[in-house]
Structures are given as C-alpha cells and as structure tokens.
Amino acid sequence: MIGIISAMQEEIQALLHQLQNITTTEKGMRTYYAGTLYHKKVILVFSRWGKVASAVTTTQLINDFNVSEIIFTGVAGGIKNELNIGDIVIGRNLYQHDLNASPFYEKLEIPILKKKYLETSNASKLMEATKLFIRNYNQFISKSDAQFFNITYPNVWFGDIASGDQFISSLKKIKKLNKLIPTATCVEMEGASVAQVCYEYNIPFSIIRIISDKANDNAHIDFPKFANSIASNYALGILKNYFA
Ligand code: ADE
C-alpha cells in the first residue's frame, strides 16, 4: 500500500476523482481514502497545513494502514529566481527552517537524530516520471487554466526543500532563508516533518512540490484555485507515470 498525503483537499482532488473501489476511514479528524489508483493500492489523505498536522497524519498512516512508501504532493513557494510558477520540484533533502535548539544543538539540527536534513528515496524514478509528464502536461490541465497562471514551459528541478510553520510572503524572509539554507529551492509547511516521521519509522519517503507562488507579496493570490486546477492534476499525471 502506498500512502499519498497532501496538505489541502484541493491538492488531492484530482487523485480522489480517479480513485476506484474506495473505502473510507475517519480518524483524528482526518478521512483516509483507500482504493486503487492506476492499478496500485493506495491510501489518500489530506493532512491539513503545518508540521504538526502532517506529522500526526503520517504517523497514523504508518501505524494503522501498513504503508510501504509515502509520497507527499502539493504546492510550494519558489525562493530561487530560476523557478517559475508551474515548475515542479522533486525533493532531495528536507530541512525544517524554523528548527533552532541552540545552544544545545546547532541551528537546523534535529535533536537526537544528529541531522540537519533528511533525504528522500526513489528520487530518480520520480524524476523520470515527472520529466515524462512535463512533455504532455497539457493533457492534464486545461488551456485556460495554464493561460490564467501563465504556464508555458514548466521545468522540473531536483532540489532541497525548506519546511516551517509559516506562510512565506516577503522578500526579506526569502533573503533570510537563502542565507540559512543556501541550497533550498522552495518553501512549504509540511515536507520535512513528514520526512522525519518516515525516517524514524524507516518508511521510504518522496515529495512532489509544484510552484504556486514566489513567496513574495503576491504569494496568496489564487492559491486554492492553483492547488485545485493545476497542482492536483499535475500530481495525477506524475503518479500515473510513476506507477506504470
Ligand atoms: N506553500 C505554497 N506557497 C507557500 C509559501 N509561500 N510559503 C509557505 N508555504 C507555501
């Protein structure tokens, strides 16, 4: 069974539409949708926003649903100039940018684990699936939605991701983040906490992040519309290739 998590209902909507033979389980204010997606047994859940919400959901998924792998999919704010809205980041190393237990530990270091970041698994397979998807992405999103968000030639990146309990929407914060984690390509609010739970339970973890904004003053504009009409359909197209 493969666990698939998103933070928002909108980000998982296209997957839910394609899910066959659905059974649902309600636990801890979450709905877990088990079923078949492109001939693979999967379980879908939206965790809600933030590191606590996503860590709790991941733990439940691992302990109650016997998952062999977890994939997170959702949107992120690009913090490198080269990244455009509609680009895709396949996660390499996941950092918690708001973790600072100094002077007991170094900045960013996860207490006890002796790590500042956690690595993903299955990245090359996911990169291949994403590169294949990019060639035909317009089969999965409408022309008008692509035009609305100015998406013409989306790129795929294999990059580091910074997670924290903050929606980033200022250049000042981006500058700080660039200094703290120079390799980070984008920011979001869940990936690194899901990565930590997966690491502690020894479950392979990978992550797809679709750039919805540039973490600046405009970051909030049409956020749910992007998640629903673009990110969710991208995830469907990528996972179709990943499962093939
Ligand atoms: N998810 C999508 N855009 C984001 C941003 N700018 N900050 C944090 N999380 C995000």
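The values are calculated or read from the model by the stated rules, or taken from the named source; none is laboratory data. In this text, all values refer to a predicted model and were calculated from it rather than measured experimentally. Note that each Cβ is placed from the backbone with ideal geometry, even for glycine, and that neighbours are counted across all protein chains shown. For the accessible areas, the whole protein counts, side chains as well, though only heavy atoms, and no ligand, DNA or RNA atoms are used. Shrake-Rupley method; radii C 1.70, N 1.55, O 1.52, S 1.80 Å.
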Return the FRET efficiency for the residue pair Lys143, Ser121: r is the Cβ-Cβ distance, R0 is 30 Å, and the value is rounded to the nearest 0.05. 0.25
Cα→Cβ-extended label distance, 7 Å offset, between Lys225 and Phe104, nm: 4.6 nm
Distance in Å, no decimals, from the C-alpha centre of region 46-101 to the one of region 106-158 is 11 Å
Leaving ligands, DNA and RNA out of it, report the carbon-plus-sulfur percent of the accessible area of the chain at a 1.4 Å probe. 50 percent
Give the long-range amide H neighbours of Lys115: residues separated by 5 or more places, or on another chain, with amide H under 5 Å away, using H modelled in the peptide plane at 1.01 Å from N. Ile110
Kindly write out, for region 175-188 in residue order, the coupling ³J(HN,Hα) from the Karplus curve 6.51 cos²θ - 1.76 cosθ + 1.60 (θ = phi - 60°), rounded to whole Hz, with x marking Gly and Pro. 4, 4, 5, 4, 6, 5, 10, x, 8, 5, 9, 8, 10, 7
Which residues qualify? For Glu69, with a placed amide H closer than 5 Å and at least 5 residues away or on another chain, they are Gly3
HN-Hα couplings for region 221-230 via Karplus (6.51, -1.76, 1.60; θ = phi - 60°), in whole Hz with x for Gly/Pro, come out as 5, 6, 4, x, 4, 4, 4, 6, 8, 10
Per residue, in Å², the accessible surface of the chain once ligands and nucleic acids are set aside, probe 1.4 Å: 47 Å²
Which ³J(HN,Hα) values in Hz, rounded to whole numbers, follow from the phi angles of region 101-112 under the Karplus curve 6.51 cos²θ - 1.76 cosθ + 1.60, where θ = phi - 60° and Gly and Pro get x? 9, 6, x, 6, 9, 5, 3, 6, 6, 7, x, 6
